[in-house]
Structure formats: structure tokens, C-alpha cells
Amino acid sequence: MTEFFAVHPTNPQPRAMSQAAALIADGGVLAIPTDSGYALVAHLDDKQAADELRRYRGLNSRHHLTLLCRDLSEIGQFAKVDNQQYRLLKHATPGPWTFILAASREVPKRVSHPSRKTIGIRVPNHPVTGALLELVGAPVLATTLILPGQDAPLVDPEDVREAFGKQLAGIIDAGRCPWQPTTIVDLSGSAPEILRLGAGDPASIGL
């Protein structure tokens, strides 16, 4: 049975957030609001939950999943970051960016790209997401909540409830999310490569 948590979008109720974090710790998949639409999230170390993320989205193992991190220091634990990349990440986070980086040994092989050994990393700028990550105490595995065959993500919690209300462990309802896709920057090669232009302006971080 799916649990629903209605929370304030900028000051989420601690009790509801603690209950949602406990569901993730128990291996549940949740739908949560972010600064770029709703996302499906799960505990990084739970294989079954990672498989469910891909199944809900209709994704294969070559699709980059993303780690939602609390801060820059957490990125350094789960991705290999050199000094130049660190400076760029420090300037860009938190914000509307997803960075493709070489995964560290802390990232389970089953969730990194099977041939490139890379992982998507981002630090969302959303109070509810941030509160949840603090309670989980670690990055969560995530993918934007886009229904199979669709191009845009779900941004209204009522649409999330209609689509997944009986399948997920929980849904955090913080109201309608803005839909501004993140700018995706691949930092795993010899030079940064912009894979998708979204809300983040590359010029603002020197790209």
C-alpha cells in the first residue's frame, strides 16, 4: 500500500519526512518533488529497488541513473573528481545541473554505466529533496519520473498518484513542481561536453 505524505513545499514537516526516509531505508521506491519535476528515488545499495526504478521507467542498463547528493563533499565520495572539476562543481551546486562523472568504488557496479563506468550526479536545489537527503544520510538513486512513451516528466502530485498510486512505497506531495530540465554536462572525457541544454546556463559556470 502506497503511503502519501502531504508536506509544505519550503518547510516540510519533520515527522512526515522521517517516515518517508524510513521507507527508503527499508527498500522502498518513492516519488519525490525536485527542482526539475518529480523523480523516482531509492536507496543506493538496494538492488531490487534499482531494478524497480528502471522497470517503472522502461529503461535499460545503459541509461544513466543519477545520484542525488546533499553537497559537494558527498559528490567527492561517489565520483572521481579532479581539481578543475571540483572548482566547476563548487560553482554550480546546488542548482539545475546533472554532471556525468567517473564513478568511484562506492558506487555499485550495477547502477553505473556498464561500459563507461560513469554515473550521473546532481545536488538539487529544493527544500523537500534536501530535507529527505539529510534524513537518509546518503545519496539516493534517482531517475526523472517520465512515463514510458512520454517526453515530459510528471510535475503534478495528482498525476503521480494516478499513475503510481498502487505501486510505489510512498509519494511525497509538496504541490506542483516546475518543469525546467537540468543541463547535463559530461565531465568524464578530456573536455566538458554539454549533452542537454536545460535550466542551467553553461556561461554562468564558465562553459
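Observations
- Just one residue in the set A79, A39 is modelled with pLDDT of 90 or more, small (G, A, S) and within 16 Å of P124 (Cα to Cα); that residue is A39.
- Looking only at region 18-42, residues that are in contact with a helix residue (DSSP H, G or I) (Cβ under 9 Å, 6 or more places away or on another chain) and either among the acidic types (D, E) or farther than 27 Å from A199 by Cα (or both) come to 9 in all.
- Note on region 179-191: among residues that are in contact with a strand residue (DSSP E or B) (Cβ under 7 Å, 6 or more places away or on another chain) and either assigned to a helix (DSSP H, G or I) or not polar (S, T, N, Q) (or both), the one that is farthest from T93 (Cα to Cα) is W179.
- When residues of region 188-197 are limited to those that are over 16 Å from H64 (Cα atoms) and modelled with pLDDT of 90 or more, the one surrounded by the most Cβ atoms within 10 Å (Cβ to Cβ): P192
- The sole residue among V140, V185, V128 that is touching a residue at least 12 places away in the same chain (Cβ under 8 Å), over 25 Å from D46 (Cβ atoms) and surrounded by 19 or more Cβ atoms within 10 Å (Cβ to Cβ) is V185.
- F78 being buried (at least 19 other Cβ atoms within 10 Å of the Cβ), within 17 Å of A199 (Cα to Cα) and of a type in the set (A, V, I, L, M, F, W, C): no
- Matching residues, region 143-171, being modelled with pLDDT of 90 or more, over 18 Å from R122 (Cβ atoms) and crowded, with 20+ Cβ neighbours inside 10 Å: P157, V160, L168, A169, G170, I171
- Scanning region 1-15 for residues being under 19 Å from K166 (Cα atoms) and surrounded by 19 or more Cβ atoms within 10 Å (Cβ to Cβ) gives a total of 1.
The values are calculated or read from the model by the stated rules, or taken from the named source; none is laboratory data. Given the structure is predicted, the values throughout are model-derived calculations rather than measurements. Note that each Cβ is placed from the backbone with ideal geometry, even for glycine, and that neighbours are counted across all protein chains shown.
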